[in-house]
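Asker: Submitted below is the structure of interest, expressed as structure tokens.
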Amino acid sequence: MSRIATKFAALKAQGRGALIPFLEAFDPDRETAMAILRGMPAAGADLIEIGVPFTDPMADGPTVQKAGQRGLKAGATMAGTLGMVRDFREGDAETPVILMGYFNPILSYGVARFCAEAAEAGVDGLIVVDVPPEEADEIAPDATANGLDLIRLIAPTTGEDRLPKVLSATTGFVYYVAITGVTGTRSASTDDLAAAIPRIRKYTDLPIAIGFGVRTPQQAGEASRIADGAVVASALIEGLVASLDAEGRATAATVPAVLDRVRELAEAVRKG
């Protein structure tokens, strides 16, 4: 079993969902991002999603966009992002790591090279926002050959006729985009989520994680109860931003600001 499948199976046995916090690589600098990454499992992260900075992040709202810009300014590259995962794996062989990003940096790096090096570094899954199932042959063969799960996005606007096609091309878990829009701009209602998740479960046995509209501990707890996990991004980044100095540099408060929020979210998820 992959690390992702193993983790979700263990959580199911415990009767709870997963907390999947997000951080942008190199935000606001590599050292600080590494300290946050290393601290996330102890703070309560069950899986970790790492954003690969890109100049045109079409699915991301202002908060994540600015995180990517800070990462790029700090020198983030694809090789540098994989290096962060490699360094993380020196101290953690169990926590699943998912890279979230866009196809252009992967294509520029070389698809086969990227998939091989990602697997070697310790990446478990990929969310490539702008590669739909119809274009999956651009990356799926190399991802599969290297044991990388391809995690697909399902939106509220994904129709019944399309759901089976998207889900049949999904491995690891399903990422349900809780809102129609970009990340971090608003939240979905509990009623909407409760209606949406059973519709997806008709077509897949994979775990379902909810993201794009999960901001508070209460929402994370509800999402992990209704589905199988909650992804939290913008709320963590906002905590990071509030801790930076006037020049946008990390302070002694930056790492604790993020990890304290992860702990609050984890506590809520464990209560369900």
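Asker: Which condition from (1) more than 16 Å from the chain's Cα centre (by Cα); (2) surrounded by 17 or more Cβ atoms within 10 Å (Cβ to Cβ); (3) part of a helix (DSSP H, G or I); (4) in contact (Cβ under 8 Å) with a residue 24 or more places away in the chain is the one that GLU267 breaks?
Answerer: (2)
Asker: Given the criterion surrounded by fewer than 22 Cβ atoms within 10 Å (Cβ to Cβ), in contact with a Phe, Trp or Tyr (Cβ under 9 Å, 6 or more places away or on another chain) and either modelled with pLDDT under 95 or under 26 Å from SER224 (Cα atoms) (or both), identify the matching residue among ALA59, ALA9. Explain how you work it out, then say what you get.
Answerer: Working: ALA9 fails: in contact with a Phe, Trp or Tyr (Cβ under 9 Å, 6 or more places away or on another chain).
Only one candidate qualifies: ALA59.
Asker: Same structure, new question: Is it the case that some residue within the stretch 46-56 is closer than 20 Å to ASP27 by Cα and surrounded by fewer than 17 Cβ atoms within 10 Å (Cβ to Cβ)? Steps first, please.
Answerer: Just the residues of the stretch 46-56 that are closer than 20 Å to ASP27 by Cα, to begin with: 47-56.
Keeping just the survivors that are surrounded by fewer than 17 Cβ atoms within 10 Å (Cβ to Cβ) gives 55-56.
Checked against the condition, which is being closer than 20 Å to ASP27 by Cα and surrounded by fewer than 17 Cβ atoms within 10 Å (Cβ to Cβ), the stretch 46-56 yields at least one hit.
Asker: Going by what's in this entry, would ALA242 be described as assigned to a helix (DSSP H, G or I) and either in contact with a strand residue (DSSP E or B) (Cβ under 6 Å, 6 or more places away or on another chain) or among the aromatic types (Phe, Trp, Tyr) (or both)?
Answerer: Details: assigned to a helix (DSSP H, G or I): yes; either in contact with a strand residue (DSSP E or B) (Cβ under 6 Å, 6 or more places away or on another chain) or among the aromatic types (Phe, Trp, Tyr) (or both): no.
So ALA242 does not fit the description; no.
Asker: Looking at ASP60, ASP87, ASP27, ASP56, which is the one that is assigned to a loop (DSSP other than H, G, I, E, B) and free of Cβ contacts under 8 Å to residues at least 60 places away in the same chain? Write out each step before concluding.
Answerer: Working: ASP60 fails: free of Cβ contacts under 8 Å to residues at least 60 places away in the same chain; ASP87 fails: assigned to a loop (DSSP other than H, G, I, E, B); ASP27 fails: free of Cβ contacts under 8 Å to residues at least 60 places away in the same chain.
The match here is ASP56.
Asker: Separate question: Can ALA67 be described as within 23 Å of LEU19 (Cβ to Cβ), of a type in the set (A, V, I, L, M, F, W, C), touching a Gly at 6+ places or on another chain (Cβ under 9 Å) and not in a loop (DSSP other than H, G, I, E, B)? Steps first, please.
Answerer: Details: within 23 Å of LEU19 (Cβ to Cβ): yes; of a type in the set (A, V, I, L, M, F, W, C): yes; touching a Gly at 6+ places or on another chain (Cβ under 9 Å): yes; not in a loop (DSSP other than H, G, I, E, B): yes.
The answer is yes for ALA67.
The values are calculated or read from the model by the stated rules, or taken from the named source; none is laboratory data. On a predicted model such as this, the values are computed, not experimentally measured, just so you know. So basically every Cβ, Gly included, is an ideal-geometry build from the backbone, and we count neighbours across all protein chains shown.
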